[in-house]
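Remarks on the structure that follows.
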Amino acid sequence: WSEALVERARRSAGGTIEACWSALRDGVAVTLAGGTHHAFPAVGEGFCIFNDTAVAARATQAEGGVERVVIIDCDVHQGNGTAAIFAQDPSVFTFSIHGANNFPFRKEAGDLDIALEDGTGDDEYLAALEAGLALALTRAQPALAIYIAGADPYHDDRLGRLALTKQGLAER
């Protein structure tokens, strides 16, 4: 670790908090530095130090912005830290659509997990995502949705193992 790495992790969490407040005010917001979904409450994992989405969900709840949050995680890796953090909390619904055989190799149980086989392409992915989103939004009844996009389901990502095209990613 280094001081610069810690500062980057802190700013990433702060950026996601600000994006959530902007989304609540303006309807939508984006941050490019977030998605650190492998961090647990007491330990980082998989290049993730602080779980920015968990911090942002808690911050918006604590500051009176929202009661219910859904985290929609479309990174190719399951958001294991996020799932563990909110495992016993019905106010935050976690939905992860990810590669079944990819890191982390020990998955945590989220509220809704869709594990896809290696080589899953656009049509199958988008159909699973659509069904999962409908279920997640119905169950969660959220006032805020935090979306982790992840470019790693792309077919040329050498660690991704899924097979989405650029068009599939854009449709997602």
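Taking Cα centre as origin and charging only the Cβ of basic (Lys, Arg, +1) and acidic (Asp, Glu, -1) residues, the dipole magnitude of segment 5-107 rounds to 160 debye.
Within the assembled protein chains, the solvent-accessible surface assigned to Glu124 is about 110 Å², based on a 1.4 Å probe.
Give me the one-decimal nm value for the distance between modelled label points at Thr138 and Ala62, 7 Å along each residue's Cα-to-Cβ direction. Distance between the two pseudo-spin positions: 3.5 nm. Between Ala100 and Ala42, the FRET efficiency from the beta-carbon distance, with R0 = 35 Å, is close to 0.85.
If you take all other residues with their beta carbon under 13 Å from the beta carbon of Leu24, and give Lys and Arg +1 and Asp and Glu -1, the sum is -2.
In the chain, helical runs assigned H by DSSP with n ≥ 4 each contribute -39500 (n - 2.57); averaged across all residues and rounded to the nearest 500, the mean residue ellipticity at 222 nm is -12000 deg cm²/dmol. At the residue level, Glu63 shows approximately 120 square angstrom of accessible surface with a 1.4 angstrom probe and all protein chains present.
Each Lys and Arg contributes +1 and each Asp and Glu -1, all at the Cβ; summed about the Cα centre of the chain, the dipole is approximately 360 debye. Here the label points at Ala170 and Arg11, each 7 Å from Cα along the C-beta direction, are separated by 3.1 nm in the simple model. Shown for the chain: the carbon plus sulfur share of the solvent-accessible area, taken with all protein chains present and a 1.4 angstrom probe, equals 55%.
Taking trypsin sites (Lys or Arg not before Pro) across segment 24-79, none is in a DSSP loop with at most 13 further Cβ atoms lying within 10 angstrom of its Cβ. Surface analysis of segment 27-172 yields an accessible area of 49 Å² per residue, using protein heavy atoms and a 1.4 Å probe.
Springs between Cα atoms under 10 Å define the GNM used for the chain, and in it the highest mean-square fluctuation of Phe103, Phe86, Phe47 occurs at Phe47.
The modelled label-to-label distance between Ala131 and Asp89, using points 7 Å beyond Cα along the C-beta direction, is 2.9 nm.
Given an 8 Å cut-off on Cα distances and at least 6 residues of separation, report the relative contact order of the chain as a percent.
20 percent
The values are calculated or read from the model by the stated rules, or taken from the named source; none is laboratory data. Keep in mind the model is a prediction, meaning the values are calculated, not measured. Note: ideal-geometry Cβ built from the backbone for every residue, glycine included; neighbour counts use all protein chains shown. Surface accessibility is based on the protein's heavy atoms, side chains included, excluding ligands, DNA and RNA. Shrake-Rupley method; radii C 1.70, N 1.55, O 1.52, S 1.80 Å.
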